[in-house]
Amino acid sequence: MLDLPLELSPEILKAVRGFITFANDPNQTAALFDIADGLRKTDLYRQFIEYAHSHPAITQILQERYRSSTPDLDKLLNCPQDSLGFYYAAEMKRTGLQPDFYRKITVEDDYSYIALRMRQTHDIWHIVTGFDTNFADEMALQAFTLAQTRSPLAVAILAATITYALKSSIPLNPLVERMQQGWKMGENAHPFLAQKWEKDWEKPLSEWRADLNIQAV
């Protein structure tokens, strides 16, 4: 049983509990949604939204509230084999992941819209950057996400996974080097949040990467 200060708001308590859960076991991905929900009303998230609006292309997609239906993986496998759609569907099939695995969220404002899009497209970001789903590459993608968005959730995930690595005696040097690689890639790339990936599944993955200034790993 956690013994946390009573002066913390219920939302912050939820975030703290989520952080501790994830730091103890990074496979507990539901804890990530608790962290995000708990931090939603903080100044960190307000600054996160302000940073998003500093990019005109992201501001435009925020105003449009662009969304897409859940991808049909079987249909995407009919895309050209060099396309984003094919790579995405093949990887999702290989790993047994579902496109709509994430906790549902109602779009009410900029925060909830960004949260939805980041949940919908997380695995697309994996494909375009080339980062795998292993422990080190997940940290690299979070560093990429932080560089791109200044997301407080990315900060929490990185802190929790480093805590887990320390507790588990996982060597830190290769992890930090991978995180540095993700950060540098994120700083150099054009905004991923501004992309309507689902409108151009058949576009070659190499062209997506060239257009977004990505040197994939």
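The table that follows gives values for the structure above.
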read-out: Residue count for region 29-69, restricted to those that are outside any helix (DSSP H, G or I) and within 26 Å of MET139 (Cβ to Cβ); value: 5
read-out: Breaking point among (1) surrounded by 12 or more Cβ atoms within 10 Å (Cβ to Cβ); (2) under 19 Å from the mean Cα position of the chain (by Cα); (3) farther than 30 Å from LEU8 by Cβ; (4) not aliphatic (A, V, I, L, M), for GLY96; value: (1)
read-out: Tally of residues being farther than 21 Å from PHE48 by Cα and not in a helix (DSSP H, G or I) across region 172-217; value: 10
read-out: Filtered residues of region 85-120 (kept if under 25 Å from ILE162 (Cβ atoms) and not charged (D, E, K, R)); value: THR95, LEU97, PHE101, TYR102, ILE114, ALA115, MET118
read-out: Checking TRP201 against (1) at pLDDT 95 or above; (2) over 30 Å from ARG40 (Cβ atoms); (3) surrounded by fewer than 18 Cβ atoms within 10 Å (Cβ to Cβ), the condition it does not meet; value: (3)
read-out: Criterion violated by LEU6 - all others in (1) modelled with pLDDT under 90; (2) among the aliphatic types (A, V, I, L, M); (3) more than 19 Å from the chain's Cα centre (by Cα); (4) assigned to a helix (DSSP H, G or I) satisfied; value: (4)
read-out: Residue list for region 70-89, restricted to those being assigned to a loop (DSSP other than H, G, I, E, B) and free of Cβ contacts under 8 Å to residues at least 24 places away in the same chain; value: ASP72, LEU77, ASN78, GLN81
read-out: Subset tally (residues that are closer than 30 Å to LYS75 by Cβ and not aliphatic (A, V, I, L, M)) for region 157-203; value: 12
read-out: Residues of region 172-195 that turn out to be in contact with a helix residue (DSSP H, G or I) (Cβ under 8 Å, 6 or more places away or on another chain) and more than 22 Å from ALA115 (Cβ to Cβ), as a count; value: 10
read-out: Search result, residues across region 90-113 that are farther than 16 Å from SER69 by Cα and either of a type in the set (Lys, Arg) or touching a residue at least 24 places away in the same chain (Cβ under 8 Å) (or both); value: GLU91, MET92, LYS93, ARG94, THR95, LEU97, ASP110, TYR111
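The values are calculated or read from the model by the stated rules, or taken from the named source; none is laboratory data. Just so it is clear, the model here is predicted, and its values are computed rather than measured. Virtual Cβ from ideal backbone geometry, glycine too; neighbours counted across all protein chains shown.
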